[in-house]
Each structure stands twice: as structure tokens, then as C-alpha cells.
Amino acid sequence: MLPSKSATTMTVSYKQGMSGPVHKRKNPWTSTNDTNLEEDKPQHLVEMADDPNDVLNDPEAAQMFRDATIAQGQRIIVCVDLDYFYVQVEEVRQPALKGKPVGVTQKYLVVTCNYEARAYGVTKLMGIAEAQEKCPHIHLIRGEDLTPYREASSKICQVISELVQPRGGVVQKASADEMFIDLTTEVRNRIDSGEHTWNWQGHVKGKDVGVTASQILTDAQRQELELMVGSQIASEIRGTLLERLGYTSCAGIARNKLLAKLASNMHKPNNQTVFLPSAADSMLPAMAARQIPGVGWRLHQTLRDIGVKTVDELQRLSLRVLRQYFAPRIVRLLLCASRGVDPSPVEQTAAPRTISVEDSFATCSSMDEIDGFLRALGGDLIVRIDSALEEFGVSPQSLVLKLRYKEKQNSSRVSRQVPMPTEVVDTRQSLQNRLNTLFKVSRSLFLKTVETPFNLTLLNLGAINLKTVSNSAPSAITNFFGRNDDAKTSLEVEPPLLVQPKYNVTSQPESRSEPIQSPTPSIATAPKTQSLPQVEPTTEPSSNSGSRSIVSKRPRSIEYFFR
């Protein structure tokens with residue numbers, strides 16, 4: 001979709017090169033004639049205003065919007081998004097892969113790929129066989145071991161923090177490959193001291209008021225200059241990530257997290273976009289409602305059921321109609337976010353309260369299978385417990401086990417918890433003793449929880465009630481992996497869709513009738529650090545677009561932008 005008439009696009013004065021064929025990524029600003037929106041759903045099943053501004057004629061709606069706008073303030077927010085992160089980590093680890101089509105696989109899927117592979121038609125979540133048909137020379141790397149991706153994410157976040165925090169910046173890690181940065185203080189300091197240039201970095205969306213060095217700035221021009229300087233700092237951050245670590249990235253620069261997030265997706269790969277205030281009015285209405293950050297799968301389905309498919313239609317829902325279908329927090333989210341307002345602050349990444357790992361399967365009905373899953377999940381859980389201790393100085397007080405029955409697929413999970421055994425969290429114990437203790441306790445917990453005979457589709461193991469501890473001993477798992485202080489494991493990871501158990505079980509995905517085959521010898525295996533036996537990541541369905549995300553971080557709910 002082309003930018004609106006009121007939008008201007010300026011050339012990139014800071015640009016890093018990309019080798020190989022470039023696959024054009026779909027622009028997030030989807031027009032209303034998108035075939036994905038043209039479905040056999042009746043439109044306007046609920047009352048809609050003729051003009052979105054009419055909705056704000058309601059004094060209560062106007063006050064709600066005004067309060068959010070005031071709370072948002074005049075901030076400069078940057079969203080940094082790493083390009084094709086998992087594959088890029090492999091390219092950094094194996095430089096010979098650079099410029100070649102590469103994908104990372106888990107189970108039977110290519111869960112992510114670089115732009116060289118996308119140029120041949122390979123996409124995320126494509127089956128391995130289909131990907132090899134489209135691109136016979138693609139290099140496929142097994143991605144079950146998430147250790148290198150966590151370590152890379154931690155290093156990236158550390159570099160960004162070192163750049164901005166000493167100057168008043170705040171960094172919030174949203175996922176393994178995405179960080180929000182509040183640059184307001186640094187931007188204003190540079191303007192006041194004159195340590196900036198008078199040119200934009202990257203693309204600019206929206207109608208600019210024009211800023212030059214030879215004039216006294218109006219309030220509008222001052223605000224625009226702040227975004228201009230923000231684009232310069234974002235360019236510096238991206239350049240530093242490339243120079244120090246070898247990673248290319250995209251960035252969005254705007255007045256709030258919502259618009260910065262949307263802007264970061266607009267010109268991929270290896271680029272950045274500034275979102276001027278005027279761009280929200282001109283570009284948001286044509287966007288699909290499901291693309292608003294915070295609108296997950298369930299909320300999207302409810303909106304579709306009442307005939308809302310675009311942001312324009314969402315903007316025309318009255319406060320009365322919104323309250324009829326949604327909870328108060330969701331009402332505020334939809335009313336304000338659809339108009340480009342997001343008051344949520346960038347918050348320093350905090351210690352997790354819960355660490356959870358799980359695996360899902362079509363069917364699991366034997367203790368041999370359960371034992372395999374418990375050993376694998378237990379190993380991964382200890383990795384994350386030690387990471388929490390090293391990175392945040394917190395340790396769990398309780399162990400929880402959750403399961404889901406196949407015949408009760410739509411019901412809530414069954415769970416039971418016990419105090420966390422001291423031997424599991426004591427890093428002075430040998431790693432094998434800790435693994436054995438966790439397995440014995442989790443197995444006992446399972447037997448007390450499950451109804452026999454059983455047929456399960458999900459098993460979850462969690463460490464909860466994390467609290468600050470003092471005088472912690474060096475982590476045994478750090479010594480096991482040979483990691484140093486500069487390579488800490490991150491807890492907030494959003495990996496690809498699925499993971500493949502290394503242990504031998506017969507459970508298989510519902511979409512296949514035959515057992516999962518190991519990848520063929522032609523699939524490259526990434527160089528591995530020494531790892532725990534049977535350590536596997538776990539996934540659960542996400543609220544967004546039916547995909548899955550790792551459970552080891554605190555869940556990101558619909559109130560992500562409006563807490």
C-alpha cells in the first residue's frame with residue numbers, strides 16, 4: 001500500500017547494506033481491500049458512527065481519551081527489532097552462511113528464515129519438505145537448543161543498555177529480538193547542548209512541519225526536532241549493534257510504544273522509520289484491526305463477530321457499544337489505541353515472577369512418555385532458574401505442575417504445587433543431583449495430580465513465587481555450559497513455533513499420522529555448546545495470529561499497552 005497523500009518519505013542517510021536477493025516484506029498498513037479482510041462476514045452488525053470524531057462527542061469517551069493523551073506525554077520512544085533473529089544468530093556463529101538461503105527448523109517446520117530464503121518463496125512455519133522443494137540449496141539448521149539465541153539476546157540488550165542508560169535512557173526487553181527504549185532525556189539534552197544534526201535518519205511517515213537551524217522553533221517544530229534527534233540516536237544504536245555484535249536491525253521512532261512498534265515493521269530489513277504525529281490520523285484507519293498491538297486472537301474474533309475488521313470501523317464504535325462487549329481495560333485499549341494513543345511507559349526489564357516450561361502433543365498416555373517429558377522439561381527449568389538467579393538475584397519458592405486432558409481439551413488445566421526442594425535451587429549441589437531431585441519430585445507431583453488411565457495433550461512444569469535472595473553461590477549450570485558473565489541467559493524469549501524432543505517418544509502432532517522423522521543428513525547442525533541432557537524449550541499457543549510462543553517469560557496479556 002502506498003503512503004497517504006499527507007505522508008512523506010525521505011531517503012535514508014544511515015543505511016547498512018544487505019547482500020543477496022531481498023524479499024519484499026508485506027507492509028503492515030493493510031488496505032481495506034485486502035483479500036484477508038474480504039470474508040463472508042456481515043458488516044456493521046453493531047451501530048457505528050458516521051465519523052470517528054463523533055464518538056469523542058460523548059463526554060465520558062472524550063475524558064477517557066484526554067486522560068490517556070495526557071498520560072502519554074511528549075516522549076521519544078524507539079522500538080528496536082532484530083532482523084530474522086534466529087537465523088541471524090546462526091550467521092554470526094557461522095559467517096560462511098551469510099548471503100546464502102538459511103532456515104532454522106524445529107520438529108518438521110522451518111520456523112524462521114532469512115531474506116535470501118524468502119526470495120525463493122520459503123516462509124516462516126513452512127514444512128521442511130516444501131521449503132526444500134522451493135529452495136533445494138537452502139541450509140537448514142536445527143534450532144531445538146535455544147541457548148545460543150538466549151545468549152545473543154542477552155548480549156544485545158546489554159549493549160543497548162550500556163549505550164543509553166548512563167544518559168537517562170530506559171530499556172525494556174519485550175522479547176528475545178525486540179526492545180523498547182525511552183530516549184526522551186538524551187534527546188532533549190542533545191537539543192539543549194546543540195549536539196545533533198538537522199537531518200532525518202531513515203524513512204519518515206506523516207506530514208512534517210519543517211525544521212531548520214536558522215529559525216526560532218515553534219512548539220510543533222521543537223516536537224518534530226525531538227523525533228529527528230531520536231532518529232539519529234536510533235541510527236547510532238543500530239550501527240553499534242552491527243559493529244560490535246554483527247546484527248542488523250530495524251527501528252521505529254515515535255511518541256509512544258504502540259506507534260514505535262508499528263513503525264519498526266514498516267521498512268524491513270535493516271532500516272528504520274519515524275512516525276510523525278500526523279501519520280496516525282492518515283494511516284491508522286486503513287489498517288486491519290487485528291494489527292493493533294494488544295489485539296490478540298480472541299479479541300480479534302469478537303471484533304469480527306460484531307462486524308469490525310478495520311481500525312476505521314473500530315474508531316466508529318461508540319463507548320456504549322464497546323462497553324457492551326468488552327471489559328473496562330479493553331474498552332480503554334480499543335478507544336485509545338485505535339487513535340494512536342498509548343500511555344504505557346517503557347519500564348526497566350524486571351525480574352520474572354514465574355518461570356514455566358511446557359510441551360504439547362497430540363496424545364500421551366504412558367508413564368514412559370511422561371518420564372521423558374519430565375526429564376527434558378526439568379533440565380530446561382533448571383537452566384532458567386539459574387539464569388534468574390544470575391541475572392536478577394531471584395529464586396523460586398514453589399514448584400507447580402500443570403496438565404491438560406485430551407478429552408477435556410477446552411477446559412482449564414489441572415494443576416498442583418509443592419514447596420520447591422532446596423536441592424533443586426542450591427547451585428552448590430552437583431548438576432546431576434539437582435536434575436534427579438527435580439525429576440523425582442515432579443514425577444511424584446504428577447502421580448498425585450493425574451487421573452488414571454490418562455490421555456494428555458499438554459504437560460507444564462513451573463517455578464513460581466520468585467523472590468530475591470542474597471549471598472547466592474556461583475551457578476553450577478554456568479560452569480557446566482562454560483558461560484561467562486557477558487553471556488547470561490535471557491528469560492524473555494519468543495522462539496519459533498515448535499520444539500522437537502530429543503528423547504524417544506511416540507507422541508506426534510495431530511496433523512500427521514506417521515511418527516516424526518529426524519531431519520535428513522542434508523540439514524546442517526549448528527555448532528552446539530555443551531548442553532544439559534534432554535533439555536528442551538516449550539511452547540504454548542499465543543493470543544496473536546494462532547502462533548506459539550515460549551512460556552518461560554511472564555505472559556503478555558491484552559493489557560500489554562494499557563496496564
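The values are calculated or read from the model by the stated rules, or taken from the named source; none is laboratory data. None of the values given here were measured: they were computed from a predicted structure. Quick reminder, even Gly has a Cβ in these numbers, built from the backbone with ideal geometry, and neighbours come from all protein chains shown. The area values use the complete protein model at the heavy-atom level, side chains included, leaving out ligands, DNA and RNA. Shrake-Rupley method; radii C 1.70, N 1.55, O 1.52, S 1.80 Å.
Among the residues of segment 266-306, those identified as open to solvent by 20 Å² or more (accessible area, probe 1.4 Å) and hydroxyl-bearing (Ser, Thr, Tyr) are SER278, SER282, THR302. The residue that is most open to solvent (accessible area, probe 1.4 Å), among those in segment 322-380 that are of a type in the set (D, E, K, R) and in a loop (DSSP other than H, G, I, E, B), is ARG353. Of all residues in segment 365-383, those satisfying the criterion of being within 19 Å of ASP145 (Cβ to Cβ) and either more than 30 Å from the chain's Cα centre (by Cα) or not hydrophobic (A, V, I, L, M, F, W, C) (or both) are GLY372, ARG375, GLY378, GLY379, ASP380.
Taking first residues from segment 304-322 that are in contact (Cβ under 8 Å) with a residue 60 or more places away in the chain and partners that are assigned to a helix (DSSP H, G or I) and aromatic (Phe, Trp, Tyr), the Cβ contacts under 7 Å between residues at least 6 apart in sequence or on separate chains come to ILE306/TYR325.
Applying the set (1) open to solvent by 10 Å² or more (accessible area, probe 1.4 Å); (2) in a strand (DSSP E or B) to LEU399 leaves exactly one unmet item: (1). Any residue at all in segment 41-60 that's open to solvent by less than 20 Å² (accessible area, probe 1.4 Å), closer than 29 Å to ILE253 by Cβ and modelled with pLDDT of 50 or more? For segment 41-60, residues open to solvent by less than 20 Å² (accessible area, probe 1.4 Å), closer than 29 Å to ILE253 by Cβ and modelled with pLDDT of 50 or more: present.
Residues in segment 128-150 that are open to solvent by 30 Å² or more (accessible area, probe 1.4 Å), in a helix (DSSP H, G or I) and not small (Gly, Ala, Ser): 4 in all.
Check segment 296-315 and report whether any residue there is assigned to a loop (DSSP other than H, G, I, E, B), closer than 30 Å to LEU381 by Cβ and under 24 Å from the mean Cα position of the chain (by Cα). Yes - at least one qualifying residue is present in segment 296-315. Considering segment 69-118, and only residues there that are of a type in the set (A, V, I, L, M) and over 22 Å from SER264 (Cβ atoms), the residue that is surrounded by the most Cβ atoms within 10 Å (Cβ to Cβ) turns out to be VAL110.
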